[in-house]
Amino acid sequence: MRLSRGRAALRQLSLISSPNRQQIYRPFQQSLTLAGARLKLSRNYATSVSAAELEFGQPVYETHPHILKPGEITQGITAREYASRRSRLALSLPQDGVVLLAAADLKYRSGAVFFPYRQDSNFLYLTGFLEPDSLAVIRKTGPGPDDYLFSLFCRPKDPRAEQWSGPWSGLSAAEDVFNADNAYDISRASSTLPNLLRGASRVFTDIPHTLTTPANIGPLLKSLSLQTSPLQPLVNTLRAIKSPAEIANMRHAGQVSGRAITSAMRRPWTLEKDLHAYLDYGFTQQGLSGPAYVPVVAGASRGCMIHYVHNSSDLPPNSTVLVDAGGEYGYYVTDITRTWPVSGKFSPAQKDLYNAVLTVQRQCVALCRENAGVSLDEIHRAAENGLREQLALIGFEGLTAGTKRWGQGGEDLMDVLFPHHVGHYVGLDVHDVPGYGRSVALKKGHCVTVEPGVYVPDDERFPKHFRGLAVRIEDSVAVDEEGPHVLTTEAVKEVEDIEALR
């Protein structure tokens, strides 16, 4: 079965044209429009089927209108936006420069049991294609924004294989749905790919020469002896600044996740695993696909372990619980941390430490604006200074900047109490755009976390009534020109609001 050759056969989008490039979006004017239209089959068939009756390797609007809106390839992100990303990347390449990306491999948990598939983030960002065993090639052909060719290698339709593994999209859909200029059988990459790369001035890729899936691609690249450069820095520049659609996805994830966490605060909990399960379910509501990462649900002094994820202990009623959790919408994540009393009411020491961290967190969030001209590293230094000041007010000693308290290696006590960075970038990945520096001044469209924390060990250098307490407060924040846009505000964090929930 072969779909019609319109570049956007399943999309009714506005026309984009260029004298140097074929039209990449056009209404499909032959046998297929949107839902309810009829798709003409090849001449070997004497009938037709509705587009909604076809099977693809991922949701499309015609088959999943409860998930996607018209024009969207993935939730919230349209075919137009994916094409714009490829165009902006192509503009950054030298003439005849080529980008080569490999889809993520399926990961196995044990034996034949595999994890749910997750596409490589850069591959996803540039294609919207969610299947393994795929390669994407983007080649610059001229100076204009539309002067590039996008080729997609993937699996052809195979009814027998799909009976076992579920549907995949096939070569025709690669062109008609995902707007590839050319689609190729992944099993023939060894013979086809060298032709696409011939004459390339430079190939930008992060594929290691040892990578054998898909299509033995690593050894194949090595054998071609091409001039190569890392791709990640080029894509980071694009991914670091989020579009309005990306921010909207993250806002929806933050809103639903924040409500789930606030709902959890209303209930009494005796076991970490029960709270974990409640949040996991909450992160599947209102279109979210589930948890964005393995959550931290750490009761009592276990909160002092930054990435405690065993989530298997009890929750003593006089303790606090530190929860670092968030959901995912359209592959965009939210990252939230809240700390609250298991009993519903803070003890005096818990409240003092909590308010010290909250004061600093508010100060740091306020700096997440372009006109402040600061970087995440500078916000981190502000957090350290703010925590020194706030902790001194509640009885901590020896926290003056630059001083050392000897014993246990002579470390700065702030390094003991606050051992991690105040924030990181967030987007398609929880720790987004790996390698993109935290010394970059924040600009409109950057999305970051702000998460100061204090973790007090059982150590005589610290006031006895604070020992074993842990507080971290984290929000995901979109940077705007004149102020922060907090994406996770539904997760309450004021002492009065938390206690009022019970």
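The values are calculated or read from the model by the stated rules, or taken from the named source; none is laboratory data. All values derive from a computational prediction rather than experimental measurement. Backbone-built Cβ (ideal geometry, glycine too); neighbour counts: all protein chains shown. Heavy atoms of the whole protein, side chains included, go into the accessibility calculation; ligands, DNA and RNA do not. Shrake-Rupley method; radii C 1.70, N 1.55, O 1.52, S 1.80 Å.
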query: Could you give the radius of gyration (one decimal) and Dmax (whole number) of the Cα atoms in the stretch 193-247, in Å?
result: 14.3, 42
- line: Out of Val333, Ser301, Asn311 - ranked by how far each Cα lies towards the positive end of the dipole of the stretch 281-357, with unit charges on the beta-carbon of charged residues - the top one is Ser301
- prompt: Under a 1.4 angstrom probe, counting protein chains only, how are Tyr117, Tyr354 ranked by accessible area, largest first?
  reply: Tyr117, Tyr354
- prompt: Of the heavy-atom accessible surface of the stretch 275-324 (probe 1.4 angstrom), what whole percent is carbon and sulfur?
  reply: 59 percent
- request: Quick one: dipole size for the chain, taken about the Cα centre, charges +1 on Lys/Arg Cβ and -1 on Asp/Glu Cβ, in debye to the nearest 20.
  value: 1440 debye
query: To the nearest 10 square angstrom, what accessible area does Val416 show with a 1.4 Å probe?
result: 30 Å²
query: Taking Cα centroids, how far is the stretch 446-487 from the stretch 262-323 in Å?
result: 17 Å
query: Of all DSSP beta bridges located in the stretch 131-190, what percent are antiparallel, nearest 5?
result: 60 percent
statement: Tilt, helix 272-282 to longest principal axis of the chain (alpha-carbon atoms), in degrees rounded to tens, equals 40 degrees
- request: Would you mind checking which residues have amide H under 5 Å from Asn216's amide H? H placed 1.01 Å from N; only 5 or more apart, or other chain.
  value: none
Computed label-point distance, nm, for sites Ser225 and Lys351 using a 7 Å Cα→Cβ extension: 7.5 nm
- prompt: Taking K and R as +1 and D and E as -1, what net charge do the other residues with C-beta under 12 Å from the C-beta of Thr359 add up to?
  reply: -1
statement: Rounded to the nearest 10, the angle in degrees between the Cα long axis of helix 79-91 and the longest principal axis of the Cα atoms of the chain comes to 90 degrees
task: Quick one: order Glu131, Glu162, Glu481 from most to least accessible surface, probe 1.4 Å.
output: Glu481, Glu162, Glu131
- prompt: Expressed as a rounded percentage, what relative contact order does the chain have, with Cα pairs under 8 Å and six or more residues apart?
  reply: 12 percent
Ranked order, Tyr148, Tyr281 - accessible area, probe 1.4 Å, largest first: Tyr281, Tyr148
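For the chain, what does -39500 (n - 2.57) per DSSP helix run (n ≥ 4), summed and divided by total residues, give at 222 nm, in deg cm²/dmol to the nearest 500? Can you show the working numbers first?
On the way: 13 runs with 141 residues, N = 502.
Computed ellipticity for the chain at 222 nm equals -8500 deg cm²/dmol.
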message: If amide hydrogens are placed 1.01 Å from N in the peptide plane, which non-local residues have theirs closer than 5 Å to the one on Ser343?
response: Ser319
- prompt: Using +1 on the beta carbon of Lys and Arg, -1 on that of Asp and Glu, and nothing else charged, what's the dipole of the stretch 224-379 about the Cα centre, debye to 20?
  reply: 400 debye
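With 32 Å as the limit, write out which pairs from Lys107/Lys273; Lys444/Lys464; Lys107/Lys443; Lys273/Lys493; Lys273/Lys345 have Cα-Cα distances beyond it, or answer none.
Lys444/Lys464; Lys107/Lys443
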query: Whole-Hz Karplus ³J(HN,Hα) for the stretch 157-171, in order, using 6.51 cos²θ - 1.76 cosθ + 1.60 and θ = phi - 60°, x for Gly and Pro?
result: 4, 8, x, 5, 5, 5, 4, 8, 9, x, x, 10, 7, x, 5
task: Would you give the gap between the C-alpha center of the stretch 187-260 and the C-alpha center of the stretch 71-150, rounded to a whole Å?
output: 6 Å
Solvent-accessible area per residue for the chain (1.4 angstrom probe, square angstrom): 43 Å²
field: Projected label distance in nm at His431 and Thr284, using a 7 Å step from Cα toward the beta-carbon
entry: 2.9 nm
